Amino acid sequence: MKRRDFLKSALTLAALAPLTPLAAKAGADGDKSSDLLSGKGVVRRRYKETAMTVPLLGFGMMRLPRKDPDRPEIDYAVARKMFDRAMAAGCNYFDTAYMYHAGLSEKCAGELLSKYPRDSYYLVSKMPAWFARKEADLEKIFSTQLARCKTDYFDFYMIHSLGEANWKLSQKFRVYEFLAKKKAEGRIRKLGFSFHDAPELLRKIVAAHTWDFAQIQLNYLDWELYRSKEQYEILTKAGIPVIVMEPLRGGALASLNPEATKILEQAAPGQSNASWAFRFAGSLPNVLTILSGMTFPQHLEDNIRTFTDFKPLTDADRKVLDRALIAYRKSLAVPCTACRYCLPCPAGVAIPTIFGAYNQYKISKNKFLFLGSYRTLPEESRASECVECGKCAKHCPQHIDIPKELSKIQEEIDLISGKKKALVTPPDGDLHV
Ligand code: SF4
Ligand code: SF4
């Protein structure tokens, strides 16, 4: 999606209720900055008590520059300059995945990074268990990734996108055991997982194995709304460093709405909206690195500015962000705060999960991601199962007409899933994410 189209979509969303101040929520541990290591280039954090240091800004490779935004092919001329600039600025953490750019992102990492000494950058990829039909396929996928990336090891490697369905699949194919063996063989240095679900499942996954890190969706909007705070606390308590994805909520927090933008601009003239979101995530001391999917050189330059002279949020900054967030939340599609008071639904509908995915979709406009995550819901939990009994709506503190919203969402799902497109990778555009 074009950046201006995204801006338009982000500005046309409807109203939401006030929320708990970020100052009160994140402030307890959010002001510790002494653990940030500064020097030449972007600031870094130490991995636990080791000598390994990681840049606080990580280069997300899901939305690399393209010549044709509807095609997965990468514009190497631009990408090469951006990689070189990132390396020169100390941003040497590169996060790719098997299916990004239909497989071309991993290949790009191999092409553009192999001129650098292998120990001068961190290469990161992920095991998509849903691509496997049987356990033996894991080896094929992993070998393909190493070959694409022109390497014989990954610095960080994770089980990709754990939610209920993928966690079950990962257990069935013994993905952790496979990757632990790769780690023992020296093919993986740090083993973790990326996660897209509720804190309840996160607790189970954390307890199931020994993990070196976890990657979660975390930003100042999701801190309360999608329970990122709980997820961050579970991982921190377990001693598991956090890697942040979606720090800008699919680009939404880089654009915001005029009212919220004005609040931030008045408080810090000349600072981008994106910089506030990065500062929120980076002020959390257990955050090891923050991934930003950078499509344009100007995204990279803005990020380097933010992370080179990194300023953790002060209490006054948090109050400003609270005000901007209240202004911005007025513009969300369904004002669900994920409080779960509407549950259990007698028909089994996963109401807050559906509203959460729908809000995300309305912000990102990425129907492929939306349909993908929606289909991980068991059929009996989907919006189509609502029998309109009205029980849930009586308990909703946001006064949402839940059955009506579910019906609208179902209609929209029917509409967008009816379009037959053969794209392998989502056309996820040029957002500053
Ligand atoms: S109205 Fe629909 S979603 Fe709400 S409780 Fe009844 S069946 Fe469940
Ligand atoms: S009660 Fe309302 S706000 Fe709370 S989770 Fe259900 S729909 Fe969302």
* For the stretch 386-393, does any single residue satisfy the condition of being more than 11 Å from ligand 1 (Cβ to nearest atom) and either modelled with pLDDT under 95 or not charged (D, E, K, R) (or both)? -> no
* Would you check if there is a residue in the stretch 202-220 being of a type in the set (D, E) and out of contact with any strand residue (DSSP E or B) (no Cβ under 9 Å at 6 or more places or on another chain)? => no
* Can you tell me which residues in the stretch 311-332 are within 16 Å of ligand 2 (Cβ to nearest atom) and surrounded by fewer than 20 Cβ atoms within 10 Å (Cβ to Cβ)? -> K330
* Structure fact -> Taking the stretch 337-380 and keeping residues within 16 Å of ligand 1 (Cβ to nearest atom), crowded, with 17+ Cβ neighbours inside 10 Å and not in a loop (DSSP other than H, G, I, E, B) leaves I351, P352, T353, I354, F355, G356, A357, Y358, Y374
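Just to be sure, is F307 modelled with pLDDT of 95 or more and not aliphatic (A, V, I, L, M)? Full working, then the answer.
Working: modelled with pLDDT of 95 or more: yes; not aliphatic (A, V, I, L, M): yes.
Yes, satisfied.
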* Asked: Of everything in the stretch 364-385 that's within 16 Å of ligand 2 (Cβ to nearest atom) and small (G, A, S), which residue is modelled with the highest pLDDT?
  -> A383
* In the stretch 155-163, is there at least one residue being at pLDDT 95 or above, open to solvent by less than 50 Å² (accessible area, probe 1.4 Å) and among the hydroxyl-bearing types (S, T, Y)? -> yes
* Structure fact -> Within the stretch 340-363, the count of residues that are within 12 Å of ligand 2 (Cβ to nearest atom) and within 21 Å of the chain's Cα centre (by Cα) comes to 7
* Asked: Taking the stretch 246-261, which residues are surrounded by fewer than 22 Cβ atoms within 10 Å (Cβ to Cβ) and either under 22 Å from F370 (Cα atoms) or at pLDDT 90 or above (or both)?
  -> E259, T261
* Asked: So is T306 in contact with a Ser or Thr (Cβ under 8 Å, 6 or more places away or on another chain) and either surrounded by 20 or more Cβ atoms within 10 Å (Cβ to Cβ) or more than 23 Å from S255 (Cα to Cα) (or both) or not?
  -> yes
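Only one of T261, T306, T289, T295 is part of a loop (DSSP other than H, G, I, E, B) and not assigned by TED's automatic domain parsing to the domain that holds L369. Can you tell me which?
On the way: T261 fails: part of a loop (DSSP other than H, G, I, E, B); T306 fails: part of a loop (DSSP other than H, G, I, E, B); T289 fails: part of a loop (DSSP other than H, G, I, E, B).
The conditions single out T295.
Please find, within the stretch 399-428, the residue that is farthest from ligand 1 (Cβ to nearest atom) out of those that are part of a loop (DSSP other than H, G, I, E, B) and at pLDDT 75 or above. Can you show your working first?
Going through the stretch 399-428, the residues part of a loop (DSSP other than H, G, I, E, B) turn out to be 399-401, 419-428.
So of that shortlist, the ones also at pLDDT 75 or above come out as 399-401.
Working: H399: 14, I400: 10, D401: 10 Å.
Checked the stretch 399-428; the qualifying residue farthest from ligand 1 (Cβ to nearest atom) is H399.
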* **Filter result for A274 (at pLDDT 95 or above and within 30 Å of K408 (Cα to Cα))** => no
* Give the residues of the stretch 335-367 that are small (G, A, S) and in contact with a Gly (Cβ under 7 Å, 6 or more places away or on another chain), sorted by residue number. => A338, S364
* **Unique residue being open to solvent by less than 30 Å² (accessible area, probe 1.4 Å), over 21 Å from the mean Cα position of the chain (by Cα) and either hydrophobic (A, V, I, L, M, F, W, C) or within 27 Å of V334 (Cα to Cα) (or both) when the list is A198, A207, A180, A268** => A268
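The values are calculated or read from the model by the stated rules, or taken from the named source; none is laboratory data. Everything quoted here is computed from the prediction, not taken from an experiment. So basically every Cβ, Gly included, is an ideal-geometry build from the backbone, and we count neighbours across all protein chains shown. Note: areas computed on protein heavy atoms with side chains; ligands, DNA, RNA excluded. Shrake-Rupley method; radii C 1.70, N 1.55, O 1.52, S 1.80 Å.
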